[in-house]
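The values are calculated or read from the model by the stated rules, or taken from the named source; none is laboratory data. Quick caveat, the model's predicted, so the values are computed rather than measured. Reconstructed Cβ throughout: ideal geometry from the backbone, glycine too, with neighbour counts over all protein chains shown. Accessible surface areas use protein heavy atoms only, side chains included; no ligands, DNA or RNA. Shrake-Rupley method; radii C 1.70, N 1.55, O 1.52, S 1.80 Å.
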Amino acid sequence: MALSDFFSNLNLFVRWFHVFAGIVWIGHLYFFNFVNLQLQATLDDATKKAVNPQLMPRALWWFRWGAMATFLSGIVLFTMVYMYQPGLWGPTVFFSDMTGITGRAWWILIGMLLATIMWFNVWFVIWPAQKKIFGLGIPKAAAEEIPLLRTRAARFSRANTFLSGPMLFGMLAAGHYGAINFPTFLLFTAIAVTLIWTFFRLSHRVARVS
Ligand code: HEM
């Protein structure tokens, strides 16, 4: 591909930025679920009071803006691959052909559905709960409300961790697998969920064996 082919180079740059932002987002998600959750259980109240007001706003900033950058660059990428070709708007050959929606489009639609649910959870469930827990830009929640908020944030964060496995298969299969095949997707989902479940179990033992 020549450097003068502006559209292809832009496509590669947006693709790179999308994966880069995705690493920032999902990296923090895994930090929260495989490291921080287990760490918090070992800290006494005084240490938590010293550490968390410094740690959490920083980590949550990268987490939620990583999610936003991934989402927005993903929408741009979707438009560039499936809805536009230089000079022409509308579904491209990658989106549909004589037989209907292509396998590639099915894969990415599945990946995007899961990733968008995850993005929604970050911005409309996890972040609002964390804002109240730590009083970030708004008054801190009452002490009796905090356990409920913590549970809600942790549940959705855990759900996102599980969703990240099949989501990533959708993202990758679009460009690298070919025809859609739902049994394949279910098999990949089972493998990803089992792996993530194993990571959760391992995360409680890591500190002891390392
Ligand atoms: C938040 C909503 C998201 C949307 C709307 C979205 C959309 C897209 C689109 C349209 C593509 C291009 C597919 C193609 O070329 O056929 C793509 C590829 C990809 N996305 Fe996402 N994505 C999202 C989230 C994520 C997340 C969280 C990650 C995690 C790292 C991720 C990782 C990837 C990867 C690795 C590729 C494949 C790049 C390649 O093979 O060239 N995406 N995504």
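Exactly one residue out of Leu39, Leu109 is open to solvent by 40 Å² or more (accessible area, probe 1.4 Å), within 21 Å of Phe156 (Cα to Cα) and in a helix (DSSP H, G or I): that is Leu39. Against the test of being under 13 Å from the mean Cα position of the chain (by Cα) and free of Cβ contacts under 8 Å to residues at least 40 places away in the same chain, the options Phe94, Phe120 yield a single qualifying residue, Phe120.
Taking the stretch 50-106 as the search range and keeping residues that are of a type in the set (A, V, I, L, M, F, W, C) and in a loop (DSSP other than H, G, I, E, B), which one is farthest from the ligand (Cβ to nearest atom)? Checking each candidate, the answer is Met98. Within the stretch 84-106, can you find the residues that are within 23 Å of Ala69 (Cα to Cα) and open to solvent by less than 50 Å² (accessible area, probe 1.4 Å)? Scanning the stretch 84-106 gives a single hit, Ala105.
Among the residues of the stretch 167-203, how many are open to solvent by 60 Å² or more (accessible area, probe 1.4 Å) and within 21 Å of Trp119 (Cβ to Cβ)? Counting residues in the stretch 167-203 that are open to solvent by 60 Å² or more (accessible area, probe 1.4 Å) and within 21 Å of Trp119 (Cβ to Cβ) gives 3.
Would you mind stating whether Pro128 is at pLDDT 95 or above, surrounded by fewer than 19 Cβ atoms within 10 Å (Cβ to Cβ) and either more than 11 Å from the ligand (Cβ to nearest atom) or of a type in the set (A, V, I, L, M, F, W, C) (or both)? Criteria met by Pro128. When the stretch 145-154 is filtered for residues that are hydrophobic (A, V, I, L, M, F, W, C) and open to solvent by less than 70 Å² (accessible area, probe 1.4 Å), the ones remaining, listed by number, are Ile146, Leu149, Ala153, Ala154.
Would you please name the residue that is nearest to the ligand (Cβ to nearest atom), looking only at residues in the stretch 1-42 that are of a type in the set (Phe, Trp, Tyr) and modelled with pLDDT under 95? Applying the filter and picking the extreme gives Phe7. Taken over the stretch 1-36, the criterion of being open to solvent by 70 Å² or more (accessible area, probe 1.4 Å), hydroxyl-bearing (Ser, Thr, Tyr) and either without any contact (Cβ under 8 Å) to a residue 60 or more places away in the chain or in contact with a His (Cβ under 8 Å, 6 or more places away or on another chain) (or both) is satisfied by Ser4 alone. Among the residues of the stretch 99-106, is any under 26 Å from Ala153 (Cβ atoms) and aromatic (Phe, Trp, Tyr)? So far as the stretch 99-106 goes, no, none of its residues is under 26 Å from Ala153 (Cβ atoms) and aromatic (Phe, Trp, Tyr). Can you spot a residue in the stretch 54-73 that is exposed (fewer than 14 other Cβ atoms within 10 Å of the Cβ) and not hydrophobic (A, V, I, L, M, F, W, C)? For the stretch 54-73, residues exposed (fewer than 14 other Cβ atoms within 10 Å of the Cβ) and not hydrophobic (A, V, I, L, M, F, W, C): present. Screening Ser157, Ser164 for residues that are within 24 Å of Gln54 (Cα to Cα) and open to solvent by less than 20 Å² (accessible area, probe 1.4 Å) leaves exactly one candidate, Ser157.
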